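Report on the following structure.
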Amino acid sequence: PYAGEYKKVFTYGASLGAYAAIFYAGTIDAKAIALSPRQPIDPIVYPHYKKRYEQRMVHPLLNECVDFKSIYPPSICYDPLDKIDQKFFEERILPLYSDADLLLIENGQHSVAGTLKSSGVLKDFVIGVVETGKIPPLKVDVERNSRYTSKVALKLYKEGRYEESVRFLRMALEGEPE
């Protein structure tokens, strides 16, 4: 009810919050700012979470919400190498918002919000979208994401590449906690 009082309205979130930002942006014609959107009880995502959630979807799938589509394309950031996020984008968001403004961060993990934050550009990302309606050019360093560097460290350790593993482990431990 209060959204009509403003010239610009934004919804914002990460993961499930990003899904909600996109889903509800259409009800108030807001611009969604979404980081790694996914809905864990959506049928295409649910098999990965079925041990954690008993609930099933009771509202329409995002790609079926044509009547609730916002007039503003969402600004979305996610890791295309994250299979769940990529599938959710392709099957749920892209059919509804083929004009979405995208920032793809390979190896940003599902935690791209943390990757942007640890790179020192999360604020620039959000403010850029709010001020211009588009994602600004950003310099993102995935090696500042402790989740990514710890995964690399473990992989290198398992391969017997101990010195390289220690280097990535140190990077993970020096990184900002997410």
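The values are calculated or read from the model by the stated rules, or taken from the named source; none is laboratory data. Only a predicted model underlies this, so the values are computations on that prediction, with no experimental measurement involved. Cβ coordinates were reconstructed from backbone atoms using ideal geometry, including for glycine residues, and neighbour counts include every protein chain displayed. Side chains are part of the model used for accessible areas, which takes the heavy atoms of the whole protein and leaves out ligands, DNA and RNA. Shrake-Rupley method; radii C 1.70, N 1.55, O 1.52, S 1.80 Å.
What are the residues in segment 122-148 that are more than 16 Å from Y12 (Cα to Cα) and either open to solvent by 30 Å² or more (accessible area, probe 1.4 Å) or of a type in the set (V, I, T) (or both), if any?
Residues satisfying the conditions are P136, P137, L138, K139, V140, D141, V142, E143, R144, R147, Y148.
Filter segment 96-122 for residues that are within 10 Å of Y78 (Cα to Cα) and in contact with a Lys or Arg (Cβ under 6 Å, 6 or more places away or on another chain) and give the result.
Q109, S111
For segment 29-37, does any single residue satisfy the condition of being surrounded by fewer than 18 Cβ atoms within 10 Å (Cβ to Cβ) and either farther than 30 Å from V142 by Cα or at pLDDT 95 or above (or both)?
yes
Answer yes or no as to whether G160 is surrounded by fewer than 19 Cβ atoms within 10 Å (Cβ to Cβ), over 29 Å from Y46 (Cβ atoms), over 17 Å from the mean Cα position of the chain (by Cα) and touching a residue at least 60 places away in the same chain (Cβ under 8 Å).
Answer is no for this residue.
I'd like the full set of residues that are within 10 Å of A25 (Cβ to Cβ) and touching a residue at least 60 places away in the same chain (Cβ under 8 Å), limited to segment 62-81.
Selection gives Y72 alone.
Is segment 47-65 home to any residue that is touching a helix residue (DSSP H, G or I) at 6+ places or on another chain (Cβ under 7 Å), modelled with pLDDT under 85 and not in a loop (DSSP other than H, G, I, E, B)?
yes
Just to be sure before I move on: is G128 of a type outside the set (A, V, I, L, M, F, W, C) and within 12 Å of the chain's Cα centre (by Cα) in the structure I sent?
no
Return the residues of segment 124-162 that are in a helix (DSSP H, G or I), charged (D, E, K, R) and closer than 17 Å to D101 by Cα; say none if nothing qualifies.
D124, E131
Could you please find all residues in segment 57-72 being open to solvent by less than 60 Å² (accessible area, probe 1.4 Å) and out of contact with any Phe, Trp or Tyr (no Cβ under 9 Å at 6 or more places or on another chain)?
Listed by number, the residues that qualify are L61, N63.
Quick check on I76: is it β-branched (V, I, T), at pLDDT 95 or above, in a loop (DSSP other than H, G, I, E, B) and under 17 Å from Y12 (Cβ atoms)?
No; evaluated as a whole, the condition is false for this residue.
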